[in-house]
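Report on the structure given below.
The values are calculated or read from the model by the stated rules, or taken from the named source; none is laboratory data. A quick note: this is a predicted structure, and the numbers were derived from the prediction, not measured. All Cβ positions, even for glycine, are placed from backbone atoms using ideal geometry, and neighbour counts span all protein chains on display.
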Amino acid sequence: MNDNSLCPGFENPIGLSRRNFLNTFGMGLGGIALADLMQAARSPIVKAGDHPPAKAKRIIYLFQAGGPSQIDLHDWKPRLVKDHGVELPESIRKGQRLTAMSGNQASLPLVGSPFKFEQHGQSGAWLSDLLPHTSKIADDLCFIKTMHTEAINHGPGVTFMQTGSQFPGRPSMGAWLDYGLGTMNNDLPSFVVMVTKGKGGQPLVSRLWGSGFLPGKHDGVRFRADKDAILYLNSPEGIDRANRRKVLDRIRELHEIQLEATGDPSLETRIAQYEMAFNMQKSIPDVTDLSDEPESTFKLYGDEARKPGSFAANCLLARRLAERDVRFIQLYHQGWDQHGGLPRAIKQQCKETDQASAALVTDLKNRGMLDDTLVISGGEFGRTSYCQGKLSGGNFGRDHHGRCFTTWMAGGGSRAGTSYGQTDDYSYNIAKDGVHIHDFHATILHLLGIDHERLTFKYQGRHFRLTDVHGKIVKGVLA
């Protein structure tokens, strides 16, 4: 059948091709196909009934890049204070490998925290005086004291925490969730990333929020702290919204022709991205404009929330995105890599993050959103109980330590007012109830209504998942 022989006996006086006929028949089968395509691009893979019931609808992940010192923030060790300056006992180290930065030191003197710890709330959680605002919400938090990882350097460590593998190339957690659960808002990305502006530290690269081998439409979308929150989103001067719509329609038609000819799935991603970008031209200015926030909001989050790109402003923006049902909101705050000068540097880090982190949890709770929003805060590993370099008076540093570190969660089905797991007297090894990164990911997926063993994607002949071939749900942190 040639292009003009649409069906036997059909009269085609105007010379319509088969493609033109299909696109003009009724509402246009091409238009129907696009509608189906767009629906499929945003529909969930996870089906109700096949997975556990969800407790959380969305995640806000406050990633503290660099490795915060659990010893100086959340894991009170009076024995370390007592043994300050004493050599790390071999019975504690047990021959474990150290990083190249401290592995050749002639001496590994223990360093007790110089900060004051107290118990807070009915739960009695121990917190340092570096965290006065977090202390006020202690009963809303679930502290996991025994996180552990095989990674001892930042690149593999951050990659492991974000993707479930130390090796680049795997999909990030946000991409897995977008793939598995789809979107709750067709006018905004399902996965948004923000990085605190002006912070130094270990570099953050886009693959940390990438889709890996999943379709590209599941990539995280980074918001910038300037008038163009997303690069190249706004139309050039002289191009209004109606003209932009016409341009996109013509581009879509060309892509549909190419898709029909090649079947290339990347074209589906491209069409979906263009449509999302058009919707975002209207939705992004609305969500990023904080001028409608009352004065009480800035009092809660602190004056830094008025400064675009600050951690506080990003926390406030995260709440606004959560209100609009963005599925996964990832904040990165660098600067926790304190190999030297820790007492001064960690004070500054806490000044930048403590109030806003607590404000976010409080704000969500006041709005009735904490029950179905899981807030997470933590880094890629912790810090050593011994001093890196020479211990000189009150000045010291701590090296990377993956054997045990602390992460906290709030809301979203996590067990409030809980401190889970126990480390030894030196916060060097796990004494009870360890939580590996795969266990952590399995638990997060469970809270969002996903069986971590069943959310898979076949790539190069193998079915991959966020938790690789490991991971168990940590029931002790579930409400």
* To do: Of the numbered conditions (1) farther than 30 Å from residue 180 by Cα; (2) modelled with pLDDT under 85, residue 278 fails exactly one; give the number of that condition.
  => (1)
* To do: Could you please find all residues in segment 294-317 being touching a Leu at 6+ places or on another chain (Cβ under 6 Å) and closer than 22 Å to residue 172 by Cα?
  => 314, 315
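Right, residue 325: exposed (fewer than 14 other Cβ atoms within 10 Å of the Cβ), of a type outside the set (Gly, Ala, Ser) and out of contact with any Asp or Glu (no Cβ under 9 Å at 6 or more places or on another chain) or not?
No: the conditions fail for residue 325.
From the list 309, 341, 263, 335, which residue is in contact with a helix residue (DSSP H, G or I) (Cβ under 8 Å, 6 or more places away or on another chain) and small (Gly, Ala, Ser)?
335
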* Asked: Assuming residue 189 fulfils every condition listed in (1) farther than 27 Å from residue 286 by Cα; (2) crowded, with 24+ Cβ neighbours inside 10 Å apart from one, which condition is it?
  -> (1)
* Asked: Within the bounds of segment 118-128, is there any residue that is crowded, with 16+ Cβ neighbours inside 10 Å, out of contact with any Gly (no Cβ under 7 Å at 6 or more places or on another chain) and assigned to a loop (DSSP other than H, G, I, E, B)?
  -> no
* Could you list, in sequence order, the residues of segment 90-106 that are exposed (fewer than 12 other Cβ atoms within 10 Å of the Cβ) and of a type in the set (Ser, Thr, Tyr)? -> 91
* So, in segment 215-233, of the ones that are in contact with a helix residue (DSSP H, G or I) (Cβ under 7 Å, 6 or more places away or on another chain) and assigned to a loop (DSSP other than H, G, I, E, B), which residue ends up nearest to residue 281 (Cα to Cα)? -> 233
* The listed residue being touching a Lys or Arg at 6+ places or on another chain (Cβ under 6 Å) and within 29 Å of residue 313 (Cα to Cα), out of 272, 229, 225 -> 225
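Going residue by residue through segment 449-461, is there one that turns out to be under 23 Å from residue 139 (Cβ atoms) and either in contact with a helix residue (DSSP H, G or I) (Cβ under 9 Å, 6 or more places away or on another chain) or crowded, with 22+ Cβ neighbours inside 10 Å (or both)? Outline the logic, then answer.
Within segment 449-461, the subset under 23 Å from residue 139 (Cβ atoms) is none.
No, there is no match, as no residue in segment 449-461 is under 23 Å from residue 139 (Cβ atoms) and either in contact with a helix residue (DSSP H, G or I) (Cβ under 9 Å, 6 or more places away or on another chain) or crowded, with 22+ Cβ neighbours inside 10 Å (or both).
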* segment 222-240, residues that are more than 23 Å from residue 198 (Cβ to Cβ) and surrounded by 11 or more Cβ atoms within 10 Å (Cβ to Cβ) -> 234, 235, 239
* Asked: What are the residues in segment 220-250 that are β-branched (Val, Ile, Thr) and over 33 Å from the mean Cα position of the chain (by Cα), if any?
  -> 239, 247
* **Single condition residue 384 does not satisfy, out of (1) crowded, with 24+ Cβ neighbours inside 10 Å; (2) in contact with a His (Cβ under 9 Å, 6 or more places away or on another chain); (3) within 21 Å of residue 125 (Cβ to Cβ); (4) not aromatic (Phe, Trp, Tyr)** => (3)
* Asked: If you go through segment 360-377 one residue at a time, how many are more than 13 Å from residue 329 (Cβ to Cβ) and touching a Lys or Arg at 6+ places or on another chain (Cβ under 9 Å)?
  -> 5
* Asked: Do we find that residue 443 is touching a residue at least 40 places away in the same chain (Cβ under 8 Å) and crowded, with 18+ Cβ neighbours inside 10 Å in this structure?
  -> no
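Take the conditions under 30 Å from residue 354 (Cβ atoms) and surrounded by fewer than 16 Cβ atoms within 10 Å (Cβ to Cβ) and apply them to residue 282. Does it pass?
Considered against the rule, which asks whether it is under 30 Å from residue 354 (Cβ atoms) and surrounded by fewer than 16 Cβ atoms within 10 Å (Cβ to Cβ), residue 282 comes out as no.
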* Residue in segment 134-143 that is small (Gly, Ala, Ser), under 20 Å from residue 394 (Cα atoms), touching a residue at least 40 places away in the same chain (Cβ under 8 Å) and in contact with a strand residue (DSSP E or B) (Cβ under 7 Å, 6 or more places away or on another chain) present -> no
* Does residue 200 fit the bill of being modelled with pLDDT under 95, assigned to a loop (DSSP other than H, G, I, E, B) and small (Gly, Ala, Ser)? -> yes
* Restrict the check to segment 77-89 and report whether at least one residue is of a type in the set (Lys, Arg), in a loop (DSSP other than H, G, I, E, B) and surrounded by 21 or more Cβ atoms within 10 Å (Cβ to Cβ). => yes
* To do: Please enumerate the residues belonging to segment 251-267 that are out of contact with any Leu (no Cβ under 6 Å at 6 or more places or on another chain), surrounded by 10 or more Cβ atoms within 10 Å (Cβ to Cβ) and of a type outside the set (S, T, N, Q).
  => 251, 252, 253, 254, 256, 257, 260, 264, 265
* Filter result for the condition that a residue is in contact with a strand residue (DSSP E or B) (Cβ under 8 Å, 6 or more places away or on another chain) and farther than 13 Å from residue 62 by Cα, over 321, 331, 360, 374 -> 321
* Limited to segment 462-479, what total is found for residues that are surrounded by fewer than 15 Cβ atoms within 10 Å (Cβ to Cβ) and part of a helix (DSSP H, G or I)? -> 2
